[in-house]
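The values are calculated or read from the model by the stated rules, or taken from the named source; none is laboratory data. Quick caveat: nothing in here was measured; it's all calculated off a predicted structure. Every residue, glycine among them, receives a Cβ derived from its backbone with ideal geometry; neighbour counts consider all protein chains shown.
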Amino acid sequence: MAQILAPSTQWQMKITKSSHKASPITSNMWGSLLLRHDKKGAPASSAKFRALTIKSESGVVNRIEKLLNMDVTPYIDKIIAEYIWVGGTGIDVRSKSRTITRPVDHPSELPKWNYDGSSTGQAPGEDSEVILYPQAIFRDPFRGGNNILVICDSYTPAGEPIPTNKRHRAAEIFSNPKVVAEVPWYGIEQEYTLLQTNVKWPLGWPVGAYPGPQGPYYCSAGADKSFGRDISDAHYKACLYAGINISGTNGEVMPGQWEYQVGPSVGIEAGDHIWCSRYILERITEQAGVVLSLDPKPIEGDWNGAGCHTNFSTKSMREDGGYDVIKKAILNLSLRHQEHISAYGEGNERRLTGKHETANINTFSWGVANRGCSIRVGRDTEKNGKGYLEDRRPASNMDPYIVTSLLAETTLLWEPTLEAEALAVQKLALKV
Ligand code: ADP
Ligand code: MN
Ligand code: MN
Ligand code: MN
């Protein structure tokens, strides 16, 4: 069930120094992640968490845990900024740390930085320098204190966005006055799959075999149904601490698969928050010794894939008469189905089969309360005559900068020809 919440007002730009009393991820929280490690003879199907390269008998776990959770708050004259960027595959997140001489409130107070693009598939070896521009800051849930996570995008030394910098183009679209005036909101449902490190097989699944068929796992509780709750929960808390606009979580239909929602967020903020939430998830799974997969169809067969449903509304859609605006948006979306599909994630054709709550990749469809459609409109939206639409096509590995800005472009900036529009109205039974 979707909740309607007011979006945060670009607040991540404003982190008030030392004003938060909340503690970062505590050793208790990691304790809960590591707890199972100490239990001997855990059943093969249960989640196993392990601090890597660590032998618990020697007490090293405790020492490492203490080090990881060392309270750096007393050293507030300097802070650590973790600069985060999207790597060359377009889905990998990379980061490195640097010392900043004082706490900061806004990304503009941070220096640009650089990295070796030849090591991330983003620059040739002979001219490898890529420049990082700080764009959004969040509290660092791992280091606490005034330490921060910094979402950056990447440029050549001459100041051109590099090809894998998808934020730059998105920011242009979101600063278009027509788009600004419509205050676009996004609620993104990020699904992901947890894999056992060595075998790359879903968490909780018997190695080399399958669990019982789907049915009991969605939103479940119990050691035989829910695998990885500690990770989902630690991630939820860490995101709230960081200032990410996370709105909920749930266990998914495929065992070992989870979802969290971020939003509603306005414009470019949606992409920044999703990327930061993904980074935090990589860090948490890293510490838990579990591998994160954003593959859209991690297991072939009768197992649900992983998507990134994108809920979208504009000011006009949220106001009286909004349902007509939503239908017009659906019409535009139907005419640009191919453009959207090709920008909605690698391997999505393995997921969008028409089965497992998806629509076939080759056909555009929409419906009220229908989870087998490309676009779903909720019952409440139909009833109230205003609200939002859900684009169910994006894959779990989509780039939120691309998906959010393309939705804005297609529905707010792009116009079909009158002929194309008339045909689509007939085909989709859409009376606008
Ligand atoms: P589903 O019923 O498809 O599982 P979820 O509850 O998982 O939906 O996610 C719905 C998302 O849509 C949430 O992040 C929510 O905050 C967001 N949302 C709610 N209202 C709007 C709106 N008017 N515009 C955009 N997103 C919205
Ligand atoms: Mn959902
Ligand atoms: Mn889901
Ligand atoms: Mn959904």
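Taking into account only those residues within region 220-261 that are within 16 Å of ligand 3 (Cβ to nearest atom) and touching a helix residue (DSSP H, G or I) at 6+ places or on another chain (Cβ under 6 Å), which is farthest from Pro141 (Cα to Cα)? Among those residues, the one meeting the criterion is Trp258.
Within 16 Å of ligand 4 (Cβ to nearest atom) and of a type in the set (A, V, I, L, M): is that true of Ile280 in this structure? So that I can check it myself, show each step before the final result.
Working: within 16 Å of ligand 4 (Cβ to nearest atom): no; of a type in the set (A, V, I, L, M): yes.
No; evaluated as a whole, the condition is false for this residue.
Each row is one residue, and each column tells you yes or no for (1) over 23 Å from the mean Cα position of the chain (by Cα); (2) buried (at least 22 other Cβ atoms within 10 Å of the Cβ); (3) at pLDDT below 95; (4) not in a loop (DSSP other than H, G, I, E, B).
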residue: Lys178; (1), (2), (3), (4): yes, no, no, yes
residue: Val183; (1), (2), (3), (4): no, no, no, no
residue: Lys200; (1), (2), (3), (4): no, no, yes, no
residue: Pro213; (1), (2), (3), (4): yes, no, no, no
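What do you reckon, is Gly187 within 25 Å of the chain's Cα centre (by Cα) and small (Gly, Ala, Ser)? Taking the combined requirement at face value, the residue satisfies it. Among the residues of region 287-328, those identified as touching a Lys or Arg at 6+ places or on another chain (Cβ under 7 Å) and within 16 Å of ligand 2 (Cβ to nearest atom) are Pro296, Gly305, Gly307, His309.
Residue count for region 317-353 satisfying the condition of being part of a loop (DSSP other than H, G, I, E, B) and either out of contact with any Cys (no Cβ under 9 Å at 6 or more places or on another chain) or among the hydroxyl-bearing types (Ser, Thr, Tyr) (or both): 10. Select from region 321-368 the residues that are under 24 Å from the mean Cα position of the chain (by Cα), surrounded by 15 or more Cβ atoms within 10 Å (Cβ to Cβ) and among the hydroxyl-bearing types (Ser, Thr, Tyr) and list them in ascending order. Matches in region 321-368: Tyr344, Thr358.
Inside region 262-293, can you point out the residues that are assigned to a strand (DSSP E or B), surrounded by fewer than 21 Cβ atoms within 10 Å (Cβ to Cβ) and away from ligand 3 (no atom under 16 Å from the Cβ)?
Initially, region 262-293 is screened for residues assigned to a strand (DSSP E or B), giving 262-266, 290-293.
Those left that are additionally surrounded by fewer than 21 Cβ atoms within 10 Å (Cβ to Cβ): 266, 291-293.
Passing the criteria: Val266, Val291, Leu292.
When only residues in region 153-188 that are out of contact with any Pro (no Cβ under 9 Å at 6 or more places or on another chain) and among the hydrophobic types (A, V, I, L, M, F, W, C) count, which is nearest to ligand 1 (Cβ to nearest atom)? It comes out as Val179.
With the condition kept exactly as written, say whether any residue in region 80-87 is assigned to a loop (DSSP other than H, G, I, E, B), under 21 Å from the mean Cα position of the chain (by Cα) and at pLDDT 95 or above. Step through it out loud before you land on a result.
Our first condition is that a residue be assigned to a loop (DSSP other than H, G, I, E, B); within region 80-87, this holds for 87.
When the remaining residues are screened for being under 21 Å from the mean Cα position of the chain (by Cα), the result is 87.
Remaining after also requiring at pLDDT 95 or above: 87.
Yes - at least one qualifying residue is present in region 80-87.
Taking the condition touching a helix residue (DSSP H, G or I) at 6+ places or on another chain (Cβ under 8 Å), part of a loop (DSSP other than H, G, I, E, B) and more than 16 Å from ligand 4 (Cβ to nearest atom), does Glu300 pass? For Glu300, the condition - touching a helix residue (DSSP H, G or I) at 6+ places or on another chain (Cβ under 8 Å), part of a loop (DSSP other than H, G, I, E, B) and more than 16 Å from ligand 4 (Cβ to nearest atom) - is met. Where strands (runs of 3 or more DSSP E) fall entirely within region 354-402, those with at least 2 residues that are within 12 Å of ligand 1 (Cβ to nearest atom) are at 375-377, 389-391.
Just checking, which of Arg318, Arg371, Arg376 is without any contact (Cβ under 8 Å) to a residue 60 or more places away in the chain, of a type in the set (Lys, Arg) and crowded, with 19+ Cβ neighbours inside 10 Å?
On the way: Arg318 fails: without any contact (Cβ under 8 Å) to a residue 60 or more places away in the chain; Arg371 fails: crowded, with 19+ Cβ neighbours inside 10 Å.
Of Arg318, Arg371, Arg376, the one residue that is without any contact (Cβ under 8 Å) to a residue 60 or more places away in the chain, of a type in the set (Lys, Arg) and crowded, with 19+ Cβ neighbours inside 10 Å is Arg376.
Reported count of residues in region 248-260, each being away from ligand 4 (no atom under 12 Å from the Cβ) and more than 17 Å from Pro296 (Cα to Cα), is 1. Residue selection: Gly263 fails the criterion of being touching an Asp or Glu at 6+ places or on another chain (Cβ under 8 Å), touching a residue at least 24 places away in the same chain (Cβ under 8 Å), within 26 Å of Ala170 (Cα to Cα) and within 16 Å of ligand 4 (Cβ to nearest atom).
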